[in-house]
Structures are given as structure tokens and as C-alpha cells.
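Take a look at the structure below.
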Amino acid sequence: MMPQSRAIAIFTDLDGTLLDHDTYSWEAARPALDRVKLLSIPLIAVSSKTLAELEYLNQAVHLFDGLIGENGGVISLNGVTEHYGPSEEKIDAARTQIKEAVHVPLGSFRTVSPEVIAAETGLSLEDATRAAQRHCSDPLIWQPTAKDVATAREIAAKWSLNLVKGGRFHTLCGPASKGQAMKRMLERLAVKQSNKTGNGAAQRYTTIALGDSPNDIPMLQEADIAVQIPTKHRVRTSPMLDHSNLRIAPHAGPDGWNAAVNAILDEITNTNKNSEVLHG
Ligand SMILES: [Mg+2]
């Protein structure tokens, strides 16, 4: 049981976790999201999406208190953005070498037109344009064999980069991870909170992290409570990582997000806002 006096912070992946894999909707998570807002719990988006995409998403709904984009490469809180790299030049040079070494055609978000990104992702052309604004990571557009993936990983490693598998794409990025970015965001949240209270004491947070893909593992490992969201359309889910407090959500996407966050808040706060109780 977590101490109840500590503040809570929630870090969440988007695609396939808070957002439905096919429709990008978070509607099913609304009850838990409302509760998170009511409890003033900081909610941080941690995504392979670009800052341009995350800011646009947040502009309409103001869902998130902080944004971590490009798999941990950019961190934005209160309009102040920190870049962790790697440089665009390094990403482009590594990708060019991968393209020459593999046996399948290879494009990427940094090199193809927004029209191609739209076709690959189902995003609108405007959304695809925002998705293309990448600074330190690049999702590859290809149909690789296992050997191509191994070759690409080897080359990425030579450049001190990673090739991480998200829900849809292999993304060339790093060495910053979602886990390192989460740590940095916690430091920044603590400073923000101590400025607010003025007592100088650093706020410590009980952290909840939710994710569905291997690129979420470093973030889940950093969290006090890790929630693995099952992959949609898959019958069985086995744990992605060893964690002393790992929960596997009962459903995929925002349905699972809603159930898992509500269950955790029931456990570690005294605020059962179950609408059936309130309205029953
Ligand atoms: Mg995901």
C-alpha cells in the first residue's frame, strides 16, 4: 500500500494506451480522466509523437499538464521545452547508412511527404504535417525482414542510437528514453510545486505509468506502479517486464486505461468517485 500523503503523478503513453489503436479516441477513459483532474493529479503525455502533435492535441482539450515527445527527446512543461537530442544530422546520417544496408525500400517521417505519412498512419494531412516535424527521432517506413531489423539495430548502435519498436513503427531515436525523460519531468514538477507552496521542500510523487509497447518499458520501470495495457486484437497478454508492482489492464486502449487508473485511485486515495455510487 502506498502512503496516502504523497502526491501522485501519472505518466502515460498515447497510441494504443490512452488512445485507441484504430480510432485515436480516448473517450472510454473519460471517467478516470475526470477523476484525475478533480484530484489535481499531474498527467504527463509520454509519446513518440512530436511536440507539434502533442501541443495541438492538448490545445483542444487541455488534458495534459506536461508533454514528453519523440520517445523522451523533448520535454515541455509550462511552455518551457528542453531538447535532449540526438541532433537531426546524426539521425539523418544513421538512417542513410541503414537505407544502404537493408534489402527493402526505406522511407521515414523526416524524408517522405505528409501525404505518405497520412497514408501510412490514417492521419489527416494536417496531422501528418505535424507528425513530420521531428527533431531527434525518425519512424521508419518499410517492410523489414527480421534480418533487416537486426542490421538496422547494429548500425543504430554504432551511432549510439536506438531502434525502438512502438505500436506501428520502428523509430530511430535515443539514447534518451521515456524513462530518463520521466525522471527529468519529475524533477521539474517538484520544482514547480515547491515554487507554488514556497516552503522549499521537494515534493515526492507516487508515480503511475501506463504503456503498451517495448518503447514504454524504461518508463514503466521507473514508476512505482506500472500498468501494461494489452494490445488490441490479441488474445493473450504476457508481462513485458519484471516489476514488483506491475498490473495488466483488463482491456486494450482507453477502456483498459480507465479500469486500471480507477482501480489504483480506489486503492491509494480515499476518493471513490464511482458514478454508480454517486448517482445510484
Ligand atoms: Mg503505444
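The values are calculated or read from the model by the stated rules, or taken from the named source; none is laboratory data. Just so you know, these numbers come straight off a predicted model, no measurement behind them. Note that each Cβ is placed from the backbone with ideal geometry, even for glycine, and that neighbours are counted across all protein chains shown. For the accessible areas, the whole protein counts, side chains as well, though only heavy atoms, and no ligand, DNA or RNA atoms are used. Shrake-Rupley method; radii C 1.70, N 1.55, O 1.52, S 1.80 Å.
Per DSSP helix of 4 or more residues, -39500 (n - 2.57); summed, then divided by the residues of the chain. What does that give at 222 nm, rounded to the nearest 500?
-12000 deg cm²/dmol
Roughly how tilted is helix 178-197, in degrees to the nearest 10 and between 0 and 90, from the longest Cα axis of the chain?
40
Please give the net charge around G167, taking every other residue with its beta carbon less than 14 angstrom from that of G167, where Lys and Arg add +1 and Asp and Glu add -1. Working shown, then result.
Numbers: positive: K49, K165, R168, K178, K232, R234; negative: D13, D15, D20, D22, E120, D212, D216.
Charge balance near G167 sits at -1.
Considering only protein heavy atoms, with the full assembly of protein chains and a 1.4 angstrom probe, order V149, V227, V235 by accessible area, largest first.
Descending order: V235, V149, V227.
Using only alpha carbon pairs under 8 Å that are at least six residues apart, calculate the relative contact order of segment 197-272 and give it in whole percent.
On the way: 94 pairs, mean separation 16.9, N = 76.
Computed over segment 197-272, the figure is 22 percent.
Could you give each residue of segment 151-165 its phi-based ³J(HN,Hα) in whole Hz, using Karplus coefficients 6.51, -1.76, 1.60 with θ = phi - 60°, and x for Gly or Pro?
Computed from phi, the couplings for segment 151-165 are 4, 5, 4, 4, 5, 4, 4, 4, 8, 6, 10, 10, 10, 10, 9 Hz.
For segment 138-280, what is the per residue volume of the convex hull drawn over the alpha-carbon atoms, in cubic angstrom?
Output value, Cα hull per residue: 173 Å³.
Explain nothing, just the number: relative contact order of the chain, from Cα pairs under 8 Å at least 6 residues apart, as a whole percent.
In percent, rounded to a whole number, it is 23.
Among the aspartates and glutamates, which have Cα under 19 Å from the Cα of K99 when same-chain residues fewer than 8 positions away are ignored?
E88, E89, E120, D138, D148, E154
With a 1.4 Å probe and all protein chains kept in place, how much accessible area does Y24 have, in Å² rounded to the nearest 10?
Using a 1.4 Å probe on the heavy atoms, I get roughly 60 Å².
May I ask for the angle, rounded to the nearest 10°, between helix 253-268 and the longest principal axis of the chain, with both axes built from Cα atoms and the value confined to 0 to 90°?
Result, in degrees: 40.
To the nearest 10 square angstrom, how much accessible area does I141 have with a 1.4 angstrom probe?
For I141, solvent-accessible area is about 20 Å².
List, in the order given, every pair from K178/K232; K165/K232; K147/K183; K37/K196 whose Cα-Cα distance in the structure shown is over 26 Å.
Long pairs (Cα-Cα over 26 Å): K147/K183.
Among bridges DSSP assigns within the chain, what percent are antiparallel (round to 5)?
45
Given a Förster distance of 45 angstrom, what is the FRET efficiency for E100 paired with K183, based on the Cβ-Cβ distance and rounded to 0.05?
Efficiency, from the Cβ-Cβ distance: 0.80.
At 1.4 Å probe size, with no ligands or nucleic acids counted, give the accessible surface of T197 in Å², nearest ten.
Probe radius 1.4 Å; accessible area of T197 about 80 Å².
Given a 10 angstrom Cα cut-off, can you work out which residue in H233, H83, H170 is the most mobile in a GNM of the chain?
For the chain, modelled as a Gaussian network with Cα springs under 10 Å, the answer is H233.
Let me have the relative contact order for segment 88-173, percent, based on Cα pairs under 8 Å that are six or more residues apart.
It comes to 34 percent, rounded to a whole number.
On a 0 to 90 degree scale, rounded to 10, what angle separates helix 88-101 from the longest Cα axis of the chain?
50
What ³J(HN,Hα) values, in whole Hz, does the Karplus curve 6.51 cos²θ - 1.76 cosθ + 1.60 give for segment 123-130 when θ = phi - 60°, with x put for Gly and Pro?
For segment 123-130, the Karplus curve yields 6, 5, 4, 5, 5, 5, 5, 5 Hz.
Using only the alpha-carbon atoms of segment 66-134, report the extent along each of the three principal axes, biggest first, to the nearest angstrom.
Projected onto its principal axes, the Cα set of segment 66-134 covers 44, 29, 14 Å.
Over segment 57-181, what number does the Rg to Rh ratio reach, with both radii from the alpha-carbon atoms and Rh per Kirkwood?
When Rh is taken as the Kirkwood radius, the ratio is 0.98.
Using the heavy atoms of the protein chains alone and a 1.4 angstrom probe, what is the accessible area of segment 88-173 per residue in square angstrom?
Working: 4230 Å² over 86 residues.
Per-residue accessible area for segment 88-173 comes out at 49 Å².
Average projected area of the Cα convex hull of the chain, in nm²?
15.7
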